[in-house]
């Protein structure tokens, strides 16, 4: 196959993917737990992810891993995610966990709540290990929520008096039960249910395909919130 034919097929495939209707989009919803929020010195201690197709959650298709960090776990973060140093002592390092996780992500749209944080740590480690960084399109549920709220969507959940509501603020607003808060797979499952709640409102507001969803939910829409005075610690 010559370059021109390869390029034509690539452009055609991307065009078809952009027009893919919401109910057919292959998602992976992910979350990470960290030793802290400083990319220079903190590390991933847990990864959780699950697949969706449109609004259907595939609860039997998940990725879960505890990760032995190089950074020190301190009491502040242990209180949040309840993962202790002893639990991680015999776990594999990110070097062993990240390659299969990157394989798991292939061919999907990634979803997370303030997903820019997760992607920053995952891609930092990918670069350090000389792996290809994550290039999947990504959607931020907080960005989607903000997009809908700015359009005065009619539902009590869009009237929250919080500039950048946390995942758990929105879980309460949309009556999503939270059973394992601040575990990576538990938070991924809550995020998946939040996406389920948002998709019908997005369709009603005119978002019909993958291209529209990725524009409305682009992670860059939330980068300012991540450095706001109340910080991204609330996420």
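The values are calculated or read from the model by the stated rules, or taken from the named source; none is laboratory data. None of the values given here were measured: they were computed from a predicted structure. Glycine gets a Cβ as well: all are built from the backbone with ideal geometry, and neighbour counts include every protein chain shown.
Worth pointing out:
- When residue 62 is tested against (1) closer than 30 Å to residue 200 by Cβ; (2) at pLDDT below 95, only condition (2) is not met.
- Looking only at residues in the range 73-126 that are closer than 14 Å to residue 44 by Cβ and not in a helix (DSSP H, G or I), the one that is modelled with the lowest pLDDT is 73.
- Across the range 24-58, the qualifying residues are those that are closer than 30 Å to residue 207 by Cβ and without any contact (Cβ under 8 Å) to a residue 60 or more places away in the chain, and the one among them that is surrounded by the most Cβ atoms within 10 Å (Cβ to Cβ) is 51.
- Residues of the range 148-172 classified as over 17 Å from the mean Cα position of the chain (by Cα), closer than 16 Å to residue 199 by Cβ and part of a helix (DSSP H, G or I), total: 4
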